[in-house]
Structures are given as C-alpha cells and as structure tokens.
1. What does the net charge come to around residue 211 if you take all other residues with beta carbon closer than 13 Å to its beta carbon, with K and R at +1 and D and E at -1?
2. Name the most mobile residue of 163, 299, 228, meaning the one with the largest mean-square fluctuation, in a Gaussian network model of the chain with Cα contacts below 10 Å.
3. Mind listing the Cα extents of region 1-145 along all three principal axes, in Å, largest one first?
4. Using a 1.4 Å probe on the protein chains only, how many percent of the accessible area of the chain belongs to carbon and sulfur?
5. Assuming 0.692 mPa s and 37 °C, estimate D for region 97-205 with Stokes-Einstein, Rh taken as the Kirkwood radius over Cα pairs, in µm²/s.
6. How large are Rg and Dmax for region 130-185 when only the alpha carbon atoms are used, in Å?
7. Label points 7 Å out from Cα along the Cβ direction at residue 94 and residue 164: separation in nm?
8. Using 0.36 nm per residue, how much length does the chain from residue 291 to residue 139 gain when fully extended, once their Cα-Cα distance is taken away?
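The values are calculated or read from the model by the stated rules, or taken from the named source; none is laboratory data. Computed from a prediction, not measured in an experiment: that's the story for all the values here. Using ideal geometry, Cβ is built from the backbone for each residue, glycine included, and neighbour counts are taken over all protein chains shown. With ligands, DNA and RNA removed, areas are computed over all heavy atoms of the protein, side chains included. Shrake-Rupley method; radii C 1.70, N 1.55, O 1.52, S 1.80 Å.
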Amino acid sequence: MLSLDYNNRFIHDILTERFQTGNPSSIDQVVTDFDGVTFHISTPESKTKILISLYMKCFSELVNYGTLGLLNQIYGPYVHNPVESGYNFSIVIDLEQLPSTQEEREQLIISASLLKRNALAAPFHGAFAKQAELAEIVKKDPENIVLVNKKSVAENYMAIHYRDEEMIILWPEHDRVTVVFSTKFLEEADRIFGKVFLQEFVDARRRPSIQTAPQVLFSYRDPPLEIRNVGGIKNEHDDTGFVTFVLFERHFTPQVREDCISHIQIFRNTLHYHIKASKAYMHQRMRKRVADFQKVLNRAKPDVKMERKTASGRSFAHA
C-alpha cells in the first residue's frame, strides 16, 4: 500500500531551491492541496522574503480547538501579522536571516511544508490531553467510569467539517480516543472498492504481528451511536460511510504521538487514492482483455472466396 506524503511537496521543493540559490527571484504561486486547502506562496515585499499563506475551510472550527496557539508555538518568529487577505494564517521566511546550520534549515523547510498538517493537529493534541485528565479522574473514582465517559462524549467531542459533506469527529474517554471519518462515495463502484479496502484493515489486525494496531470499524449510512446528534451528519443515502478508529494510550504515547496524528490525518485521502488507483488498474486489465479477445476474433474470421469470370464467361472461385 502506498502512503501519501503529509507535507506539501511544492512548498518543500521551492524552499529547498530558494535556500540554495544566491540569486532569488519573485514568486507568486497559488497551490491547492488535499481537502480543498489552498496555499499562496509569494514575495510581496522583496525577493528575499517568502510569504506562505494558508486557507482552510474549517479553520474557524480549528481555532476553537486551539490551532492558533499551536501554530504560534511551532512557527514563533516566522508568524506574519497581519494575515494575508483571503487567508487564515501566514508565515514569512527571510532568506537573509536563515538558520546558520544546514540541519536547522532543513527542519525549517519541513516545518513550513507541514503547515496544513500542523493546523489540523490541534484537536488531536487536545483530545489526547483530555484523555489524560479523564484517566486521572477515573483513578480517583473508578466506580464512575461509565458516567465519566458518557459525559466526556457529550461535552468534549470535536467536529471538523474539513470537506463538503464530510467531517472528522473525535472525542476522548478515560482509556481511549475515538476518531470517526464520515466519507462520501460518489459512485457505486467506489463504495464496493471502499468496503473491500476497509475489510482488509479488519482482517489484517488478526495477524499476530499487528494485533496491537488501532481497532477499525466501518458502517454505511448509520453513524456511531455516540455522534448521531452531531450537526452536519447526513445518513439518508447509501453513499455515506463512517470509518471509526479506536486509539488506546499505547497508540499516542509521547514517542509516537506526532506520527499517529500524521497517519490518521491522511487516512481519507489514502483511502480514496487507492480506490481510484484500483479502478484505473481494473480498467487497464479490462482494456487489455478486450484487445486480446479482438485478436482472437480477427484470427477466427473465415477466408472469403471471391468469384471471378474469364473473358469467355466461365467463373471460378479465388481464395
């Protein structure tokens, strides 16, 4: 299975090029990323100051979950105020004031290209922190586990409408964090391929080597009971599916937390990428099979005998 990149490749490549060149030039590029996210890379003030601006449809929701605080913590002196008009967040990199070491420069390039990923990471960090609080509460009062978890689902769930008619919902409990993706399958074939693909997640977890992987659940039309009252969920049609990941404490320890967030963020795009790749492969195989059958039919055509006549009027068959 192919794993998609978490960062924006265009931002990574253009910054790598500009950090190495001694003669910078003007930039004015608008780049679209997954999930309708838009980047604007430009040099409005001077050729040595690269402004990178981000637009996300769900940014106002992310602000409620602490995204601005997280982005300011990550990008610090590179945060640009005021934000570029029409965008949600901006950073500026001055080529004349780059870090001194090559390692620090490479880290800056990676960090800038992960702008979208970092913006979407705040709800996950919040859910993990809240899970730790609930775990401490349960330790002090273990008899109220059910009440604590039920109250947490009602009060601490976070809904991110990151795409039209699709969303990410996550909520913490005392021993886990549950993440639900709602996704639309626009074609019947996509729904079939998606079901097969997701069934592999369930079957693969039975292998002894990966039994500690997160639990994966999948359903059509009917969302999980905990979120059926969340605004924006539509389940009137068969083209909506719900994928649930159950993350236990071992899945988001401080050592692996960042990788966990990156992997789960890209899940929806990875799923639909592989559905489209599978359809393309099937179409290629079908076209090749049709071409092979056409060759067989061409070879099976009988020889056509042509009747000719001589000058005297006699006729004879000519193959």
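1. Working: positive: 205, 206, 207, 250; negative: 203.
Net charge around residue 211: +3.
2. For the chain, modelled as a Gaussian network with Cα springs under 10 Å, the answer is 299.
3. 67, 39, 34
4. Values: 9780 of 18780 Å².
After summing per-atom areas, the C and S share lands at 52 percent.
5. On the way: Rh = 17.4 Å.
Taking Rh from Cα pairs, D becomes 189 µm²/s.
6. Cα only, region 130-185: 13.5, 45 Å (Rg, Dmax).
7. The answer from the label model is 4.2 nm.
8. Values: separation 152, 0.36 × 152 = 54.72 nm, distance 6.74 nm.
Result: 48.0 nm gained on full extension.
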